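Novice: Got a structure here, written out as structure tokens. Questions coming.
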Amino acid sequence: MSQAGNSKRVIDANTRPAGMPASRVAAILPALNEEAAVAMVVAGLLRAGLGWVIVVDNGSRDRTADAARAEGAMVIVEPRRGYGAACWRGMQALPAAVEWVLFCDADGSDDLDRIADFLRLTPDFDFVLGARESVRGGGVTLAQRIGNAIATRCMRWGWGWNYRDMGPFRLIRRSALERLRMRDRSWGWTLEMQVRAVEEGLRIAEIPVRSLPRQGGESKIGGSWLGGTKAGVKIILTLLRMYARRQATRWFQAPVR
């Protein structure tokens with residue numbers, strides 16, 4: 001059956017009863033020079049009732065680790081630079097009791113008030129993605145919006161799933177995350193997760209979330225032309241690699257006539 005027929009899963013979570021208790025969720029926050037905002041984010045996640053907050057310091061030159069630790073986060077270090085590398089390192093540190101994993105940014109741009117709505121969807125879905133809607137002065141730049149539009153359209157063409165966004169704010173069942181066997185260690189991490197979720201047949205939903213202004217520091221993608229270009233090239237190469245792998249798998253699995 002084609003995935004495309006079920007591709008538009010933007011859900012109104014407000015009409016649903018409470019789902020998974022937040023105490024069974026761990027948050028993973030990749031962080032690079034986020035001293036100005038990380039404490040506020042950690043505090044917000046703990047107020048939401050999450051059982052664990054793991055901050056992965058990806059080579060910060062400021063007091064990111066100290067600020068996160070002071071608010072009660074578990075802080076680990078991943079010296080190899082890369083968004084995916086930091087996320088992967090955080091996965092390796094998950095306590096055994098964790099059932100769901102929340103990924104979010106350490107800059108304060110994610111709308112943590114929506115965590116309860118994410119949790120309401122856990123009985124029926126394996127992967128819940130926050131589809132960003134910018135507010136005035138919000139964190140999604142024009143370049144990022146263009147990149148998201150291109151990437152989501154390519155995923156629709158290549159995999160038949162109509163994602164609205166490729167944002168970092170996402171909740172995924174731990175057992176499902178482990179099935180994805182994530183490989184990317186850079187800016188292709190979020191894209192790879194979404195593509196692999198389709199390939200693995202996960203039950204996927206998107207809910208609208210506000211994209212807030214970052215609370216300090218500088219964006220690693222939107223903050224510079226060079227950073228945005230590098231991330232864009234990486235995302236395109238990840239798409240091409242995954243599509244080639246998908247086509248090769250189909251070819252080898254095709255029945256011999």
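Rule-based calculations on the coordinates, nothing more; no lab input. The structure displayed is predicted, hence computed values, not measured ones. Here Cβ is always computed from backbone atoms with ideal geometry, including for glycine, and neighbour counts include all displayed protein chains.
Novice: Label ALA143 and ARG245 with points 7 Å out from Cα along Cα→Cβ: what is the distance between them in nm?
Specialist: Computed distance between label sites ALA143 and ARG245 equals 2.7 nm.
Novice: Moving to a separate point now. For the range 96-161 and the range 20-66, write down the distance between their C-alpha centroids in whole Å.
Specialist: Cα centroid to Cα centroid, the span is 17 Å.
Novice: Sticking with this one: On the first, second and third principal axes, largest extent first, how far apart are the outermost C-alpha atoms of the range 32-117 in Å?
Specialist: Here the spans come out as 34, 28, 20 Å, largest first.
Novice: Another question, if that's okay. Once phi is turned into θ = phi - 60°, what whole-Hz ³J(HN,Hα) does the Karplus curve with 6.51, -1.76 and 1.60 give for every residue of the range 187-203, x standing for Gly and Pro?
Specialist: Computed from phi, the couplings for the range 187-203 are 6, x, 4, 5, 4, 4, 4, 5, 5, 5, 4, 5, 4, 8, x, 5, 7 Hz.
Novice: Something else now. Would you mind computing, in nm to one decimal, how far apart the modelled labels at VAL233 and ARG179 are, each placed 7 Å from Cα along Cα→Cβ?
Specialist: About 3.6 nm, to one decimal.
Novice: Would you calculate, for the chain, the mean residue ellipticity at 222 nm contributed by helices, counting each DSSP H stretch of 4 or more residues as -39,500 (n - 2.57) and dividing by all residues, to the nearest 500? List each step's numbers first, then the result.
Specialist: Details: 8 runs with 98 residues, N = 257.
The helix contribution divided over the chain gives -12000 deg cm²/dmol.
Novice: Still on this structure, I have one more. GNM on the chain, C-alpha springs below 10 Å: top fluctuator among TYR243, TYR83, TYR163?
Specialist: Between TYR243, TYR83, TYR163, it is TYR243 that shows the largest mean-square fluctuation.
Novice: Report the convex hull volume per residue for the chain, counting only C-alpha atoms, in Å³. Walk me through the intermediate numbers first.
Specialist: Values: hull volume 32.5 nm³, N = 257.
Spread over its residues, the Cα hull of the chain gives 127 Å³ apiece.
Novice: Next question. Taking the chain as a Gaussian network, Cα atoms linked when under 10 Å apart, which of GLN215, GLN247, GLN144 shows the biggest mean-square fluctuation?
Specialist: Taking springs between Cα atoms under 10 Å, the residue moving most is GLN247.
Novice: Would you kindly compute the Cα radius of gyration of the range 111-224 and its largest Cα-Cα separation (Dmax), both in Å?
Specialist: 14.2, 40
Novice: Let me check against my output: what whole-number percent is the relative contact order of the chain, with C-alpha pairs under 8 Å and at least 6 apart?
Specialist: On the way: 483 pairs, mean separation 63.4, N = 257.
The normalised contact order for the chain reaches 25 percent.
Novice: Follow-up question, since we're still on this one. Which one of CYS104, CYS154, CYS87 has the biggest mean-square fluctuation once the chain is modelled by GNM with Cα springs under 10 Å?
Specialist: Of the options given, CYS154 has the highest mean-square fluctuation.
Novice: What translational diffusion coefficient, in µm²/s and rounded to a whole number, does the Stokes-Einstein relation yield for the range 71-150 at 20 °C and a viscosity of 1.002 mPa s, taking the hydrodynamic radius as the Kirkwood radius over Cα pairs?
Specialist: Numbers: Rh = 15.4 Å.
Answer from the Stokes-Einstein relation: 139 µm²/s.
Novice: Turning to a different aspect of this structure: Under the Karplus relation 6.51 cos²θ - 1.76 cosθ + 1.60, θ = phi - 60°, what is the ordered set of whole-Hz ³J(HN,Hα) values for the range 38-45, x standing for Gly and Pro?
Specialist: 4, 5, 4, 5, 4, 4, x, 5
Novice: Could you pull out every residue, at least 5 positions away or on a different chain, whose amide H is within less than 5 Å of the one on SER60? Hs are placed 1.01 Å off N in the peptide plane, and Pro or chain starts have none.
Specialist: Result for SER60 returns ASN33.
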